[in-house]
Amino acid sequence: VFHGRGMEFPHVRAYQPGDDVRAIDWKVTARRGTPYVRQFVEERDLLVALMVDVSGSGRLGPGHRSAGEVAHEVAAALAFAAARNNDRVMLLLVSDRVERYVAPKAGRRHVIRLLETMVSHRPRRSATDLVAGLDHLLKYTPGRANLFIISDFLQDHRKPRFREALGRACRKHDVAAIRLTSAAVAELPNVGWVQITDPETGRRVTVDTGNARVRAHYRHAMLCRGAEIEELLTEVGAESLVLDTDQDPLVPLAGFLRRKP
């Protein structure tokens, strides 16, 4: 499911009907008098980088699982897929800074240690700033990587530095943004006056959820936010997958990987 950085052709073979004519080796064809094509093999020295958001917003959720728990499941699936191909895997746990880093290595034992680190980690910070993880990756990862950013993307996505960091990452790596959301989060329940606390900043506001205009404004703001993030990801060249944390994430994840170019 992960693609190599390039292609090499260790040998040639005789042309067969249906072969791509662009693969014809014209020097060998001229020398032997009949068409020959290059046989390409994908380079498999791959690095799969998992950037997992561990900020405060991922620790809560309206369903039976939080966004953070779903992020762990998605990261585990990707890590074991990489291990099956003997690809190297690295891990970044990010809040508004890089909280943990597991250096790249191949093998199933490494993946199990990586996942143990992720699941047992107790975040020290609550705010989100994925730029910290992107800067770390760009600074300390010299080669090309298949980068998966697993996050709810609840941060200030309009800041130029966020756009710039994403753009730089996409120019160097193959970036896939796995955005965790929930249909329940997109709607305010009609339960009257409630006090709402931001899990990342601690800021509290009192809201009249019984007011239809308040609920409509909230719904519109959430829809606009999601559309803006998707537009940003498209502009910088990142692939995007939206996962509902109330649903099984592995079915849409498998479909996404099969469609990956």
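To one decimal place, what Kirkwood hydrodynamic radius in Å is obtained for the range 218-261 from all pairs of distinct Cα atoms? Before the final figure, lay out each step's value.
Numbers: mean 1/r = 0.0832 Å⁻¹.
That comes to 12.0 Å for the range 218-261.
Among 89-100, 23-34, 157-168, the peptide with the highest mean count of other Cβ atoms within 10 Å heads the list, and the full ranking is 89-100, 157-168, 23-34. If R0 equals 35 Å, the separation of the Cβ atoms of Arg22 and Asn85 corresponds to a calculated FRET efficiency of about 0.85. Taking amide hydrogens as placed 1.01 Å from N in the peptide plane, the amide H of Asp152 sits under 5 Å from those of Leu180, each at least 5 positions away in sequence or on another chain. Under 5 Å from the amide H of Arg100 lie the amide H atoms of Leu93, each residue being 5 or more positions distant or on a separate chain, with H modelled from the backbone and absent for Pro and chain starts. Less than 5 angstrom separates the built amide H of Val242 from those of Arg179, all sequence-distant by 5 or more or on a different chain. Convex hull volume per residue, computed on the Cα atoms of the range 39-142, equals 115 Å³. Against the main long axis of the alpha-carbon atoms of the chain, helix 67-84 sits at an angle near 10°. Using every Cα-Cα pair within the range 46-89, state what percent have a distance larger than 13 Å. Roughly 56 percent, rounded to a whole number.
If packing is taken as the mean number of other Cβ atoms within 10 Å per residue, what is the order of 107-119, 189-201, highest first? Mind dumping the intermediate values first?
Details: 107-119: 15.8, 189-201: 11.9.
Descending mean neighbour count gives 107-119, 189-201.
Please state the charge dipole magnitude for the range 139-187, taken about the Cα centre, from unit charges on C-beta atoms (+1 on K and R, -1 on D and E), reported in debye and rounded to the nearest 20. Please list the in-between numbers first.
Values: 10 positive and 5 negative charges, 88 e Å.
Using Cβ point charges on Lys, Arg, Asp and Glu, the range 139-187 gives about 420 debye.
On a 0 to 90 degree scale, rounded to 10, what angle separates helix 108-120 from the longest Cα axis of the chain? For 108-120 against the chain, the angle is about 10 degrees. Taken over the alpha carbons of the chain as equal point scatterers, the Debye sum produces base-10 log I(q)/I(0) values at 0.09, 0.17 Å⁻¹ of -0.49, -1.31. For a paramagnetic label modelled on Lys172 (point 7 Å from Cα along Cα→Cβ), amide N atoms under 19 Å away belong, within the range 108-138, to 129-138. The alpha-carbon of Lys159 sits under 28 angstrom from the alpha-carbons of these lysines, leaving out residues fewer than 8 places away in its chain: Lys139, Lys172.
Take the Cα radius of gyration of the range 73-194 and divide it by 2.2 N^0.38 Å, N being the number of residues; the result is 1.19. Under a model in which nothing but the beta-carbon of Lys, Arg (+1) and Asp, Glu (-1) is charged, the chain shows a dipole of about 820 debye around its Cα centre. Taking every DSSP helix (H) stretch of at least 4 residues in the chain, weighting each as -39,500 (n - 2.57) and dividing the sum by the residue count yields a mean residue ellipticity at 222 nm of -12000 deg cm²/dmol. Extension gain, Ala77-Ala212: 0.36 nm per intervening residue step, less the Cα-Cα distance, totals 44.5 nm. In order along the range 160-177, the phi-based Karplus estimate (6.51 cos²θ - 1.76 cosθ + 1.60, θ = phi - 60°) of 3J(HN,Hα) comes to x, 5, 5, 4, 5, 5, 4, x, 5, 5, 5, 6, 9, 10, 8, 9, 10, 9 Hz; Gly and Pro are listed as x.
Over the range 182-261, what per residue volume does the convex hull of the Cα atoms give, in whole Å³? Kindly include the intermediate steps, with their values, before the conclusion.
Details: hull volume 9.5 nm³, N = 80.
Given the Cα convex hull of the range 182-261, per-residue volume reads 119 Å³.
Each label was represented as a point 7 Å from its Cα along the Cα-to-Cβ direction; for Arg259 and Leu138 these points are 2.9 nm apart.
We did not get these values from a lab; they are worked out from the coordinates using the rules stated. Remember, it's a predicted structure, so these values are computed and weren't measured experimentally. Neighbour counts run over all protein chains shown; Cβ positions are idealised from the backbone, glycine included.
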